[in-house]
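The values are calculated or read from the model by the stated rules, or taken from the named source; none is laboratory data. Since the model is a prediction, treat every value here as computed from it, not as a measurement. We place every Cβ from the backbone using ideal geometry, glycine too, and count neighbours over all the protein chains shown. Keep in mind that these areas ignore ligands, DNA and RNA; they rest on the heavy atoms of the full protein, side chains included. Shrake-Rupley method; radii C 1.70, N 1.55, O 1.52, S 1.80 Å.
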Amino acid sequence: MKLSDFDFDLPPERIAQPPVRPRDAARLLEIAPDGLADRGMLDLPGRLRAGDLLVSNDTRVIRAQLTGMRGAARIGVTLHKAVDDATWEAFARPAKKLAAGDRLVFAGDFAADVLARGEGGAATLRFDRGGAALMAALARHGRMPLPPYVKRSAAEPEDDADYQTMFARRDGAVAAPTAGLHFTPRLMARLTEAGIGHAQVTLHVGAGTFLPVKTEDVAAHVMHAERAELPAETAAAIAATRARGGRVVAVGTTTLRTLEGVAALRGGLEPWAGEIDLFIRPGFRFRAVDLLITNFHLPKSTLFMLVSAFAGPARMRAAYAHAIGAGYRFFSYGDASLIHRAEER
C-alpha cells in the first residue's frame with residue numbers, strides 16, 4: 001500500500017490543545033461493523049460485556065526533554081530509548097554541533113557524554129549517573145515531552161499531571177499512552193461494577209512514535225523498537241477471559257502492539273519481556289485483541305495504518321470523516337474511539 005492511501009484532510013482546529021476536564025468527559029466514537037455511534041467515555045461500561053478484560057499500559061512518562069550546553073553551544077535533547085540504566089538513545093538539535101567524545105552539561109551537577117552520533121539528529125548519551133539517581137535528575141532538570149502538535153509558549157505545570165495516565169507506575173516512556181488519559185477512578189469503578197476485569201502490560205513509548213513515515217511504499221518504513229513486558233498475571237488473566245468467552249479490550253495502540261507482538265513472536269500469549277518493533281498495517285492477522293480504545297491519529301501515521309488494519313481501511317476513512325464533521329478532538333489530548341475488530345468474535 002502507498003502512504004497516500006492513509007492521507008486525509010484535518011482542519012487545524014480539530015487538534016486538541018488542552019485536555020477535557022474531567023478526563024472521563026471525553027467523547028467516544030464507537031466504530032462497529034454495523035455502523036458508527038456517538039457516545040462518551042462514561043458510556044464505556046455499557047458498551048462492553050461482563051467477563052471482558054480491559055488491558056492498559058502502566059508505563060510512566062519521564063521528563064525526557066533537556067537543554068544542555070556543549071561549551072557555548074546550546075543543545076536541545078529528547079531522550080527516546082534506554083540502552084541501560086545510564087545510557088539513552090536521544091534526538092539532539094542542532095545535532096551537527098555534537099561529536100563523539102563531547103560533554104553536555106545540563107546543570108552544575110548533571111551532565112552526559114556523547115558516545116556516538118547517528119543520522120537524523122540521533123545521538124547516544126552516557127549520563128553521569130544511572131537508575132533512580134538519573135530519574136531524579138530528570139525530574140529536577142527535564143521537561144515533559146509533549147508532542148510537537150501540542151503548542152505551548154512555555155511549559156505549563158498542569159502538563160506534568162495531564163500527560164500521565166492513572167495507570168502509570170513504571171518509569172521509562174517519553175510519550176504518553178494517550179488512550180489511558182481518558183480513564184479515572186470513577187470510570188474504573190463503574191467498569192468493575194459491570195463485571196469487566198482489568199490487567200496491565202508495559203510498553204515504554206519512544207519518541208519514534210512521532211516520526212513521520214517518509215517512504216511512499218509503507219512496507220519500506222522501519223519502526224523504532226520499544227521495550228515491553230507481558231507479565232505472567234496478565235497472560236493468565238487473558239487465558240481465563242478467553243476460557244469464559246470474554247473479549248480482550250486494549251487500552252491504546254501501545255497495549256495492542258504489546259499483545260499482538262508477543263502473540264506473533266511466541267505463537268500465543270505467555271509471559272515475555274523484550275523489544276517490540278511490530279509494524280501493523282492492513283493485511284496483518286490479529287490474534288490477541290478484540291476491541292481497541294484509542295485516540296484519533298495523524299494522517300499518514302503508522303497509528304492510522306494500525307487502526308485501518310484493525311477495522312478495515314474503508315470503515316476507518318468513514319469514521320474519521322464523521323469525526324471531523326462532528327467536531328471530535330484529535331491527537332494526544334483529544335477524544336477517543338472504541339473500535340471493534342473487523343472480524344468480530
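A few points about this structure:
- The single condition among (1) modelled with pLDDT of 95 or more; (2) at positive phi that residue 71 does not satisfy is (1).
- For segment 183-238, the set of residues classified as in contact with a helix residue (DSSP H, G or I) (Cβ under 6 Å, 6 or more places away or on another chain), more than 20 Å from residue 263 (Cβ to Cβ) and of a type outside the set (Lys, Arg) consists of 184, 187, 191, 194, 213, 216, 218, 224, listed by residue number.
- Search result, residues across segment 191-202 that are more than 24 Å from residue 265 (Cβ to Cβ) and open to solvent by less than 60 Å² (accessible area, probe 1.4 Å): 191, 194, 195, 196, 197
- Some residue of segment 159-176 being in contact with an Asp or Glu (Cβ under 6 Å, 6 or more places away or on another chain) and open to solvent by 20 Å² or more (accessible area, probe 1.4 Å): yes
- Pick from segment 168-202, criterion part of a strand (DSSP E or B), small (Gly, Ala, Ser) and more than 25 Å from residue 135 (Cβ to Cβ), ranking: nearest to the chain's Cα centre (by Cα): 199
- Residue match in segment 112-134 (condition: among the aromatic types (Phe, Trp, Tyr), in contact with a Gly (Cβ under 9 Å, 6 or more places away or on another chain) and in contact (Cβ under 8 Å) with a residue 40 or more places away in the chain): no
- Residues of segment 1-37 satisfying the condition of being touching a Leu at 6+ places or on another chain (Cβ under 7 Å) and open to solvent by 70 Å² or more (accessible area, probe 1.4 Å): 36
- Candidate set from segment 241-260 (those that are of a type in the set (Gly, Ala, Ser) and in contact (Cβ under 8 Å) with a residue 12 or more places away in the chain); member that is farthest from residue 166 (Cα to Cα): 245
- Of all residues in segment 1-37, those satisfying the criterion of being closer than 22 Å to residue 180 by Cβ and basic (Lys, Arg) are 14, 21, 23, 27.
- Tally, over segment 313-340, of residues that are in a loop (DSSP other than H, G, I, E, B) and open to solvent by 20 Å² or more (accessible area, probe 1.4 Å): 3
- Cβ pairs under 6 Å, 6+ apart, first in segment 151-180 and among the polar types (S, T, N, Q), second modelled with pLDDT of 90 or more: 164/61; 165/180; 165/181; 178/295; 178/332
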